[in-house]
Amino acid sequence: MTPGPAPAVRILEEWVLRGGYWQVLTSSPEHTSVSLLTCDGGEEMERVVDDGPELHDWLAGRTSSAD
């Protein structure tokens, strides 16, 4: 069986499916931090932090869910 996406990636995908937006605050193979924003993009509701390369690699240079 093939493993699914990393938990942080799943959170971002589900957030967008529910109408929210996300924006990258920092991204490196060692540490990535992403802000989960309301549907109008105005208020941070939560942050996703990942201390491994999985989220950084998945972002592939994107800076927000609008990219």
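Every number in this text was worked out from the coordinates using simple rules, so none of it is lab data. Computed from a prediction, not measured in an experiment: that's the story for all the values here. Cβ atoms come from the backbone with ideal geometry, glycine included; neighbour counts cover every protein chain shown.
Considering amide H positions built from the backbone, and no H for Pro or chain starts, which residues 5 or more places from Leu37, or on another chain, come under 5 Å of its amide H?
For Leu37, whose amide H was placed from the backbone, the distant partners under 5 Å are Tyr21, Trp22, Gln23, Met45.
Each residue of region 52-67 in order: what ³J(HN,Hα) in whole Hz does its phi give by Karplus 6.51 cos²θ - 1.76 cosθ + 1.60, θ = phi - 60°, with x for Gly and Pro?
Working through the residues one at a time gives x, x, 4, 5, 4, 5, 5, 5, 6, x, 5, 10, 7, 5, 7, 6 Hz.
Test of the criteria: in region 17-67, which GluC sites (Glu not before Pro) are in a DSSP loop and have at most 12 other Cβ atoms within 10 angstrom of their Cβ?
Passing both the DSSP loop test and the Cβ count: Glu30, Glu43.
What number, rounded to the nearest 500 deg cm²/dmol, is the helix-based mean residue ellipticity at 222 nm of the chain, given -39500 (n - 2.57) per DSSP H run of at least four residues and division by all its residues?
-7500 deg cm²/dmol
Long-range amide H contacts for Gly52: which residues qualify at under 5 Å (H placed 1.01 Å from N, peptide plane, sequence gap of 5 or more or a different chain)?
For Gly52, the qualifying residues are Thr32.
Using the scaling law 2.2 N^0.38 Å as the reference, what is the normalised Cα Rg of the chain?
Numbers: Rg = 11.4 Å, N = 67, 2.2 N^0.38 = 10.9 Å.
In units of the globular-protein estimate, the chain measures up at 1.05.
Kindly express, to the nearest 10 degrees and within the range 0 to 90, the angle between helix 7-17's C-alpha long axis and the longest C-alpha principal axis of the chain.
Helix 7-17 sits at roughly 30 degrees to that axis.
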